[in-house]
Amino acid sequence: MVAPDFSPDRFAGWHMVNTLLQSRSGLQLHLLTPSSAQEQADLLRHDKADLIYANPFDAAHLIRDLGFRAFARPVGKPDEMVIATAAASPLRCLEDLRPGSRIAVTDNRDVKLIGLRLLEAADLTDKDLQWVLVETFQAGARLTIKGEVDAGFFLAEIYHSLSRITRSQLKVLIESAIFDITHVLLAHQRIVGEIPAIMTALSGIGQRSADHEVLEALGIPGGFEKMNDEEAEFMVDLMDTLLD
Amino acid sequence: MHLPDMQYPPPPGGACECRLTYHDGTRRLVYCVDREEPFPDGRLIVSRTNLAGIITHANEAFVTMSGYTIEELIGAPHHILRHPEMPKAAFADLWTTIASGKKWHGYVKNLRKDGLFYWVYATVIPNVRGGVVVSYTSVRRKPSRRKINEMSDLYSKMLSQERAAQ
Ligand SMILES: Cc1cc2nc3c(=O)[nH]c(=O)nc-3n(C[C@H](O)[C@H](O)[C@H](O)COP(=O)(O)O)c2cc1C
């Protein structure tokens with residue numbers, strides 16, 4: 001199962017990786033791509049996932065409460081977020097945002113969480129702001145450009161993949177640079193025995209020349225690296241400090 | 001571990017001199033310059049200590065902001081950053097909270113190697129592995145100017161009370 005926060009043009013990439021992993025590990029893999037956090041939660045409640053490409057926010061619960069084991073993470077692809085306003089907006093920095101400001105957000109909880117932590121520097125908390133829920137970051141960008149919201153929250157990767165024209169109508173107020181927070185690949189306890197086979201297949205992606213296309217399509221050109229339990233716990237502790 | 005005295009900071013501007021006594025009885029001479037180093041935008045400053053408060057991990061932002069090298073930091077007690085304007089009670093509260101297994105939040109004024117200071121909003125949590133607390137992690141975020149002003153006033157009152165009680 002892949003967490004629902006990848007940009008739509010990565011869809012093909014996930015299918016290609018799934019196919020490669022199947023053929024190289026010999027395991028039967030059925031790709032699940034829930035389209036929202038809610039749908040992902042439903043699949044989890046029905047215990048439908050053995051392998052999860054999880055966002056760091058969910059990783060805490062999956063590892064500590066549901067007993068999933070982390071075994072890999074993308075290389076050079078930390079989860080960062082951007083707060084942007086319209087290019088023509090009078091706002092020049094984060095501190096210019098005032099209580100009552102309207103902010104476009106998606107249901108990406110880690111983006112919202114990190115954004116809220118950055119806004120503390122401007123003395124703003126969750127309840128000081130008016131949240132305008134949007135389906136996609138692209139929709140958030142449209143509202144921000146039109147001035148229907150004062151600012152939008154974006155997953156940095158998606159912000160940077162917006163078209164040049166769109167970005168030229170936006171202005172970044174802040175971009176996080178945390179580096180230590182990434183998505184993680186998790187395995188359910190019932191398949192921990194398969195982790196070595198999966199890891200071998202996974203870290204092998206990128207070794208053959210044709211694989212580069214797959215990693216490019218996925219937006220993870222550096223491929224995946226091993227992650228041990230302690231590295232995962234460290235990241236979960238870090239997320240824990242950001243909860244309040 | 002006994003920290004060496006600080007070196008008199010380079011100009012411009014004067015520095016005030018102070019001899020700090022730490023919880024373990026060690027002392028050192030520190031210099032403070034009345035100049036703030038701004039918190040780096042978008043960053044988190046992260047460190048980890050063992051149960052005795054000795055630094056075992058520091059991220060890049062931590063190293064840069066402290067003004068020390070990573071080699072100087074790893075193995076040093078975390079009070080290497082203690083600023084003389086921080087009241088003892090703030091750290092006492094930190095240690096009682098984390099020793100009881102809970103999360104601590106607080107505003108801290110830190111002293112850099114060059115005598116400048118920087119304010120952080122810190123969260124310290126016990127790292128629990130297999131049901132046992134094995135270390136502590138601290139993650140600092142950028143505090144608002146309003147909070148910094150409020151806490152500076154509060155800490156200076158606490159500090160004068162602590163001095164009067166001595
Ligand atoms: C994880 C962790 C992080 C800490 N970070 C700081 C810090 O940034 N600045 C600081 O002055 N003290 C920090 N402390 C508290 C110090 O250990 C120490 O208690 C404090 O500097 C006062 O010194 P003293 O206890 O030796 O008197 C931290 C403690 C822990 C456990």
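Over all directions, what mean area does the Cα convex hull of the protein assembly as shown project, stated in square nanometres?
Quarter of the Cα hull surface area: 22.7 nm².
When peptides A:25-38, A:5-18, A:100-113 are ranked by their average number of other Cβ atoms within 10 Å per residue, the highest-first order is A:100-113, A:5-18, A:25-38.
Helix A:137-146 axis versus longest C-alpha principal axis of chain A: approximately 10°, rounded to the nearest ten.
Per residue of chain B, what 222 nm ellipticity follows from adding -39500 (n - 2.57) for every DSSP H run with n ≥ 4, rounded to the nearest 500?
Values: 4 runs with 44 residues, N = 166.
Value at 222 nm, helices only: -8000 deg cm²/dmol.
Looking at segment A:109-148, the GluC sites (Glu not before Pro) that sit in a DSSP loop and have at most 16 other Cβ atoms within 10 Å of their own Cβ are A:Glu135, A:Glu148. Shielding value for B:143-149 is 3, the average number of Cβ atoms from other chains within 10 Å of each residue's Cβ. One decimal place: the segment A:Val75-A:Glu120 gains 13.2 nm when fully extended, by the rule 0.36 nm per residue minus the C-alpha distance.
For the peptide A:92-101, the mean number of other protein chain Cβ atoms found within 10 angstrom of a residue's Cβ is 1. Computed about its Cα centre, the charge dipole of the protein assembly as shown is approximately 600 debye, with only Lys, Arg, Asp and Glu carrying charge at their Cβ. Positive end of the dipole of segment A:81-175 (Cβ unit charges, origin at the Cα centre): among A:Gly152, A:Thr136, A:Ala87, the Cα lying farthest that way belongs to A:Ala87.
Beta-bridge orientation, segment A:81-175: approximately 60 percent antiparallel, per DSSP, counting only bridges with both partners inside. Among the residues of B:112-125, the average count of other protein chain beta-carbon atoms within 10 Å of the residue beta-carbon is 1.
Using just its DSSP H runs of length 4 or more, each adding -39500 (n - 2.57), chain A gives a mean residue ellipticity at 222 nm of -11500 deg cm²/dmol after division by all residues.
Given R0 = 25 Å, the distance between the Cβ atoms of B:Thr64 and A:Arg98 translates into a calculated FRET efficiency of 0.20. Taking square-rooted eigenvalues a ≥ b ≥ c of the alpha carbon gyration tensor, is segment A:2-77 rounded, prolate or oblate, where a/c under 1.5 means rounded and, failing that, a/b exceeding b/c means prolate? In terms of gyration-tensor shape, rounded. Principal axis analysis of the Cα atoms in segment A:108-244 yields extents of 50, 36, 24 Å, listed in decreasing size. Note on B:Leu51 and B:Thr96: the extension gain reaches 15.0 nm, defined as 0.36 nm multiplied by sequence separation minus the Cα-Cα distance. With q set to 0.18, 0.20 Å⁻¹, the log10 of I(q)/I(0) for chain B, from the Debye formula over equal scatterers at the Cα positions, is -1.29, -1.63. Assuming charge only on the beta carbon of Lys and Arg (+1) and of Asp and Glu (-1), the dipole of segment A:81-175 about its Cα centre is about 320 debye to the nearest 20.
Qualifying trypsin sites (Lys or Arg not before Pro) in segment B:75-107, where qualification requires a DSSP coil assignment and no more than 13 other C-beta atoms within 10 Å, comprise B:Lys102.
One equal scatterer on each Cα of segment A:81-175, no solvent, Debye formula: the resulting log10 I(q)/I(0) at q = 0.14, 0.21, 0.22 Å⁻¹ is -0.40, -0.97, -1.08. Segment A:50-121 and segment A:145-222 have their alpha-carbon centroids 13 Å apart. Counting only alpha carbon atoms, the long axis of helix B:145-165 and the longest principal axis of chain B meet at about 80°. Considering only beta bridges that DSSP places wholly inside chain A, some 75 percent are antiparallel.
Round to the nearest 10 and give me the degree value, 0 to 90, for the angle of helix B:88-99's Cα axis relative to the longest principal axis of chain B. Helix B:88-99 and the main axis of chain B meet at about 10 degrees.
Computed from the coordinates by the stated procedures, all read-outs in this text should not be read as laboratory data. Since the structure is predicted, the reported quantities are computational estimates derived from the model, not experimental observations. Note: ideal-geometry Cβ built from the backbone for every residue, glycine included; neighbour counts use all protein chains shown.
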